[in-house]
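Quick notes on the structure that follows.
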Amino acid sequence: MRYLALLRGVNVGGSAAIRMADLRDCAAGLGFEEVATYIASGNLLFRSRERSATRLESQLETAIRDRFGFPVSVVVRSGAEVRRIVERIPAHWLDAAELRVTVAFLLRGADGAAIARQLRPKDGIDELAVAPGALLIATRRDALTRTGIRLIGTPPYKLLTARNLNTTLELAELLGR
C-alpha cells in the first residue's frame, strides 16, 4: 500500500530539524519501499506491506527518536484516506483567492468533531469542516497571522499537524502515482 507520513513540528522551527535525505534513509531502514519526501517539512511517501497505520506510526516514531535523538509525533494516512480527505474540501474553497485553506491532519485517536467545536469561536476562522482524520480550515488571508497565533500552544494544536492546500493536493497527487 502507498502511505503518507506527516511528521509534526519538524523543520518549522528550532530544535526538531531533520534533513529529508536522512528521513528517507531512516524509512528505508525500516523496510519501506519507494521512499520519497516532499519539501523539507516532514512529508514522507512510501510503500509498505504493513496494513496498520498505527503500527507504521509507532515504527516511525521509534526509529526517528532512536536515530535523531528527539521525539516526533507522526501521522500516517493511506493513499485512499488522503483522497477521502481531499474530496471533502468544499469546492468553493479551491478557487477562493481571499481564503487560505489548511488541512489539519489529526493524530490517531483525536476527536475531530470535538476539536472543531473548540476552534469555531476563534477569530479569523471563516469556515471549518470535519473530514475523516482531518479538519479543513478556511481563514481569510488577512486574518491568518492572528488565527495562527491564537492556535499555537492550545490543546487542539497539539493534536494535529497542518499542511496548506497546495501541499495537500500535491501529496494526494504523488500518492496516486
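The values are calculated or read from the model by the stated rules, or taken from the named source; none is laboratory data. These numbers come from a predicted model, not from an experiment. Using ideal geometry, Cβ is built from the backbone for each residue, glycine included, and neighbour counts are taken over all protein chains shown. All accessible areas refer to the heavy atoms of the entire protein, side chains included, with ligands and DNA or RNA removed. Shrake-Rupley method; radii C 1.70, N 1.55, O 1.52, S 1.80 Å.
Here is how the numbers come out for the structure above:
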| read-out | value |
| --- | --- |
| Fraction of accessible area attributable to carbon and sulfur, the chain (%, probe 1.4 Å) | 50 |
| Long-range amide H partners of residue 73 with built H, under 5 Å | 8 |
| Part-to-part distance (alpha-carbon centres) for segment 52-119 and segment 8-41, which is given in Å | 16 |
| Full-extension gain in nm, residue 92 to residue 36, via 0.36 nm per residue minus C-alpha separation | 17.0 nm |
| Added length on full extension, which subtracts the Cα-Cα distance from 0.36 nm per residue, residue 126 to residue 66 | 17.5 nm |
| J(HN,Hα) series, segment 104-109, from Karplus relation 6.51 cos²θ - 1.76 cosθ + 1.60, nearest Hz, glycine and proline x | 9, 6, 8, 5, 3, x |
| Length gained when the stretch residue 114-residue 84 is fully extended (0.36 nm per residue, less Cα-Cα span) | 8.8 nm |
| Accessible surface, per residue, of the chain when the full set of protein chains is kept, probe 1.4 Å, Å² | 50 |
| Alpha-carbon gyration tensor eigenvalues x 5, square-rooted, for the chain, Å | 27, 18, 15 |
| Amide H partners (placed H, <5 Å) of residue 126, local residues excluded | 138, 139, 140 |
| Dipole magnitude (debye, nearest 20) for the chain, charges at Cβ of Lys, Arg, Asp, Glu | 300 |
| Estimated vicinal HN-Hα couplings, Hz - segment 21-30 in sequence order (Karplus 6.51, -1.76, 1.60; Gly, Pro = x) | 4, 5, 5, 4, 4, 4, 5, 5, x, 7 |
